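Working notes, beginning with the structure itself.
The values are calculated or read from the model by the stated rules, or taken from the named source; none is laboratory data. All values reported here derive from a predicted model rather than from experimental measurement. Note that each Cβ is placed from the backbone with ideal geometry, even for glycine, and that neighbours are counted across all protein chains shown. In case anyone asks, the SASA skips ligands and DNA or RNA and just uses the protein heavy atoms, side chains included. Shrake-Rupley method; radii C 1.70, N 1.55, O 1.52, S 1.80 Å.
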Amino acid sequence: MLSIALTKGRVEEQVIPLLETCGIDCEPLRNKKRKLVIPLGDSLEVILVKGGDVLTYLNHGVVDIGIVGSDILEEQQNTSYELLDLQTGRCQFILASLAGYDLNEPRRHTIGTKYPNITKAYFASRGKDVEIIKIEGSVELAPLIGLADAIVDITETGTTLRENNLQVFDWLMPISTRLVANPLALKQKRSEIFSLVDRLKTMRRTL
Ligand SMILES: Nc1ncnc2c1ncn2[C@@H]1O[C@H](COP(=O)(O)OP(=O)(O)OP(=O)(O)O)[C@@H](O)[C@H]1O
Ligand SMILES: O=P(O)(O)OC[C@H]1O[C@H](OP(=O)(O)OP(=O)(O)O)[C@H](O)[C@@H]1O
């Protein structure tokens, strides 16, 4: 039996069809209502968690594998084994602001973001010291109402940026959903884990 910590929400919605193409019956996941522990047949058990908590469950050894966005792995400076890029949940990290924003204006800029570590590393690599304001959501609001000069956030379709008159000033990195494993589980359940990884690897190309 393999236990999987699956990020609920967007990641979950895009991973379910992939699991189904691998022949895994996901009806219990689709019909879960408020249930958080969902057995899928005899060989898999899914627990549904927030993305930011996947590595906590994994690193405490209470699940064998995790499915989580690379944005979170990068932000949390993940050291667990990344086994596969599932190639779902694709989006991008961007630096955005209102038209006319000048990153090179010589003063300390204020940046709003849900991802302070990624933001700090990005500006450090450009030799810039910025003030970071951590925001939990609706990040695009920050430059609009004067909380920050610019934001580092995720864009997928570009709709949120467009509807709020924001422009992209830089593309930081692409994001996609990854499969990560607990190192002990990788030793103890190697064949089970790699059998799933191999199936996912084959089927992700068909979606
Ligand atoms: N357009 C998108 N915007 C944000 N995240 C996306 C997008 N597309 C895919 N993702 C992936 O989905 C994850 C976020 O999922 P979701 O939006 O369901 O959670 P959330 O409610 O924003 O996050 P949380 O409540 O944990 O802060 C991200 O970690 C990222 O890997
Ligand atoms: O380019 P788009 O397709 O418009 O997607 C990007 C938006 O989606 C995410 O927000 P989310 O919906 O998770 O809401 P949040 O603001 O509460 O984080 C992200 O933070 C952007 O705001």
Within the bounds of region 13-24, is there any residue that is more than 16 Å from ligand 1 (Cβ to nearest atom) and over 27 Å from residue 156 (Cα atoms)?
yes
Based on this model, can you work out whether residue 186 counts as open to solvent by less than 60 Å² (accessible area, probe 1.4 Å) and assigned to a helix (DSSP H, G or I)?
yes
In contact with a helix residue (DSSP H, G or I) (Cβ under 9 Å, 6 or more places away or on another chain) and either open to solvent by less than 70 Å² (accessible area, probe 1.4 Å) or more than 28 Å from residue 6 (Cα to Cα) (or both): which single residue out of 75, 105, 82 fits that description?
75
Test: residue 66 is in the same structural domain as residue 43 (by the TED database), open to solvent by less than 70 Å² (accessible area, probe 1.4 Å) and in a loop (DSSP other than H, G, I, E, B):
no
Looking only at region 143-167, which residues are crowded, with 17+ Cβ neighbours inside 10 Å and either of a type in the set (Ser, Thr, Tyr) or more than 8 Å from ligand 2 (Cβ to nearest atom) (or both)?
143, 148, 149, 150, 151, 152, 155, 166
State which residue pairs qualify: first residue assigned by the TED database to the domain that holds residue 148 and inside region 104-123, second residue polar (S, T, N, Q) and part of a loop (DSSP other than H, G, I, E, B) in any location, beta carbons under 9 Å apart, and separation of 6 or more residues or different chains.
117/76; 117/77
Going through region 69-101 in order, the residues found to be assigned to a strand (DSSP E or B) and either of a type in the set (Asp, Glu) or farther than 21 Å from residue 192 by Cβ (or both) are 69, 82, 85, 91, 92, 93, 94, 95, 96, 97
Determine whether residue 176 is among the hydroxyl-bearing types (Ser, Thr, Tyr), open to solvent by less than 20 Å² (accessible area, probe 1.4 Å) and within 16 Å of ligand 1 (Cβ to nearest atom).
yes
Between a residue in region 63-92 that is in contact (Cβ under 8 Å) with a residue 12 or more places away in the chain and any residue that is of a type in the set (Lys, Arg) and within 16 Å of ligand 2 (Cβ to nearest atom), which pairs come within a Cβ distance under 7 Å, given they are 6 or more apart or on different chains?
89/10
Among the residues of region 153-173 satisfying the criterion of being within 13 Å of ligand 1 (Cβ to nearest atom) and not in a helix (DSSP H, G or I), which is nearest to the chain's Cα centre (by Cα)?
154
Name every residue in region 127-140 that is touching a residue at least 12 places away in the same chain (Cβ under 8 Å) and either surrounded by 11 or more Cβ atoms within 10 Å (Cβ to Cβ) or assigned to a strand (DSSP E or B) (or both), in order of residue number.
128, 130, 131, 132, 133, 134, 135, 139, 140
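For (1) within 16 Å of ligand 2 (Cβ to nearest atom); (2) in contact with a Leu (Cβ under 9 Å, 6 or more places away or on another chain), each residue gets a yes or a no:
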site: 94; (1), (2): yes, yes
site: 100; (1), (2): no, no
site: 104; (1), (2): no, no
site: 107; (1), (2): no, no
site: 112; (1), (2): yes, yes
site: 117; (1), (2): no, no
site: 141; (1), (2): yes, yes
site: 175; (1), (2): yes, no
site: 182; (1), (2): no, yes
Scan of region 120-152 for residues that are among the hydroxyl-bearing types (Ser, Thr, Tyr) and within 15 Å of ligand 1 (Cβ to nearest atom), ordered by number
138
